[in-house]
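The values are calculated or read from the model by the stated rules, or taken from the named source; none is laboratory data. Since this is a predicted model, take the numbers as computed values, not measurements. Ideal geometry is used to build each Cβ from the backbone, glycine not excepted, and the neighbour counts take in all protein chains shown. When the accessible area is computed, the model is the full protein with side chains, heavy atoms only, and any ligands, DNA or RNA have been set aside. Shrake-Rupley method; radii C 1.70, N 1.55, O 1.52, S 1.80 Å.
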Amino acid sequence: NKRLDEWVEEDRLDTRKIQYPRRDLASAATTGLNTPKKTLTGTTNSRPSSPGLTPDPITGPSVLAALQQKQQKNRKRKLDHTESKSPPTQEDEGRRASIGSAIGGSMGSLCDIEIPPLITQQQTVPRQTGSLATHSDDHAITRIKNMKMIELGKYRIKPWYFSPYPQEITNLDCIYICEFCLKYRKSRKCLERHLQKCPFKHPPGNEIYRKGSISFFELDGRKNKLYAQNLCLLAKLFLDHKTLYYDTDPFLFYVMTEYDARGYHIVGYFSKEKESSEDYNVACILTLPPYQRKGYGKLLIEFSYELSKFEGKTGSPEKPLSDLGLLSYRSYWKQTILEILIALKPQEGQEKPQLTINEICEQTSIKKEDVISTLTNLELINYYRGQYILTLNKDLVESHRKIMEKRKIRIDSKYLHWTPKDWAKRGKW
Ligand code: ACO
Ligand code: ZN
């Protein structure tokens, strides 16, 4: 995981621990390539002479030079591409070069930085999954974390990963994001000016759920494109393995907020394909860092399954899951399935309660393979005398009870006002 990776100055490179490329293991064993000699200073070449390998010394400067060269090549290729797609405007002249591969474009005033409809290379790649996976090695360099800090509402947050905000913004110590419309500004002053005229106090779209201070807003990635794109840019700061910035049309977005006298503050969101051929009910899911580890992630997940229940379908999150995504989903599946199993009573004439896997799926909307993997991980399934038996021991039941006591915030389906749409019947989204 590259969480919190960053560009560092040369004096922070420790070249002593570099492992050098080997032709094959046999020659490595005889040339001693596995054990480069240690040197005292971090930046001098510590590589032992070895026939057949490239003569360039691997030092801090040479690594940096190679990176820069690759970056320049990349940038040029992207520029050639974007230039041929969209002729530069007058304001763009002379600025393009510094914008690079990310979203750039003209700046109306000193403060107005919008996402222009710039056609990028990524946009031309056909969408293969719900969240447009376009990572290739070419992007490896530009994918390194590029932002120092964001300010969002009352929080200052350190980003975890790369996100393609315009390059002129990424050089700043902090960027300022309107917590209601998610537009970004380069200084607090600019944001204050924006806030004076920003009409929003909540995300766009329909409020489809409200209980206590928690609300969910549903918005369409086609109808609320700018907000959806800004949300994806923000989310990308904390999501490494998913890429979705431009083509938001095929998605719905469910934004969870917490209300106070100042408005509806964004806590997290998930996106969902309008139509999924693979039964995905979540494409990307995020709890913003200040709200993490408080149960909001599980609340988002619970909400996504509640929608699936309303649709009468089972669903699963889009793969791959991140490390934190996997932890959260496993925990949600485990708690949800145990809740059902523990509450189950034997029917009349039965000694023990009985339940099929399909019934668990129907009651929870969790997809069959996720139910099976959860039961298997919990080591609950035993095969005995030609039957599958689920055995719950007392410790498991007791620890589950304690955990559920602590899980205070829950989705209450009574408060969900929503009718699923059949997007397949609607032609174009
Ligand atoms: N270390 C260890 N465990 C963690 C951590 C952590 N940093 N963060 C969450 N967990 C565990 C919690 O302990 C909890 O399990 P438990 O109840 O069994 O103890 C479970 O994960 C969920 O915790 P929540 O508080 O409900 O979840 P949170 O609000 O922190 O959100 C989320 C989880 C959404 C995955 C969040 O970490 C996040 O936004 N991460 C960055 C983006 C990301 O990776 N998203 C998922 C990508 S996969 C996909 O999009 C389909
Ligand atoms: Zn705003």
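Observations
- Condition check for TYR305: more than 11 Å from ligand 1 (Cβ to nearest atom) and at pLDDT 95 or above: yes
- Count of region 254-277 residues which are in contact (Cβ under 8 Å) with a residue 24 or more places away in the chain and either more than 13 Å from ligand 1 (Cβ to nearest atom) or over 30 Å from LYS367 (Cβ atoms) (or both): 10
- Subset of region 177-196 that is more than 18 Å from GLY268 (Cα to Cα) and within 12 Å of ligand 2 (Cβ to nearest atom) - its residue that is most open to solvent (accessible area, probe 1.4 Å): GLN196
- Qualifying residue in region 192-203 (condition: under 30 Å from ALA424 (Cβ atoms) and within 16 Å of ligand 1 (Cβ to nearest atom)): no
- Scanning region 400-426 for residues being open to solvent by less than 90 Å² (accessible area, probe 1.4 Å), modelled with pLDDT of 95 or more and not in a loop (DSSP other than H, G, I, E, B) gives a total of 6.
- Residue match in region 274-281 (condition: open to solvent by less than 20 Å² (accessible area, probe 1.4 Å), at pLDDT 95 or above and assigned to a strand (DSSP E or B)): yes
- In region 240-273, the residues that are within 16 Å of GLU318 (Cβ to Cβ) and open to solvent by 20 Å² or more (accessible area, probe 1.4 Å): ASP240, HIS241, ASP247, GLU273
- Top-ranked residue in region 1-29 [being over 35 Å from the mean Cα position of the chain (by Cα) and open to solvent by 70 Å² or more (accessible area, probe 1.4 Å); ranked as modelled with the lowest pLDDT]: ALA29
- Subset of region 197-228 (residues that are open to solvent by 50 Å² or more (accessible area, probe 1.4 Å) and within 10 Å of ligand 2 (Cβ to nearest atom)): LYS197, PRO199, PHE200, LYS201
- Restricting region 228-263 to residues that are touching a Pro at 6+ places or on another chain (Cβ under 7 Å) and either part of a loop (DSSP other than H, G, I, E, B) or of a type in the set (Phe, Trp, Tyr) (or both), the residue that is nearest to ILE150 (Cα to Cα): LEU237
- Single unsatisfied condition, SER163 versus (1) touching a helix residue (DSSP H, G or I) at 6+ places or on another chain (Cβ under 8 Å); (2) not in a loop (DSSP other than H, G, I, E, B): (2)
- Cβ-Cβ under 6 Å pairs, at least 6 apart or on other chains, region 280-294 side within 6 Å of ligand 1 (Cβ to nearest atom), far side among the charged types (D, E, K, R) and assigned to a loop (DSSP other than H, G, I, E, B): CYS284/LYS242
- Any hit, region 311-329, residues being under 22 Å from LYS406 (Cα atoms) and touching a Lys or Arg at 6+ places or on another chain (Cβ under 7 Å): yes
- When region 229-260 is filtered for residues that are within 18 Å of PHE303 (Cβ to Cβ) and within 16 Å of ligand 2 (Cβ to nearest atom), the ones remaining, listed by number, are LEU231, VAL255, THR257.
- Filter result (within 16 Å of ligand 1 (Cβ to nearest atom) and either free of Cβ contacts under 8 Å to residues at least 24 places away in the same chain or in contact with a Pro (Cβ under 7 Å, 6 or more places away or on another chain) (or both)) within region 153-191: TYR155, ILE157
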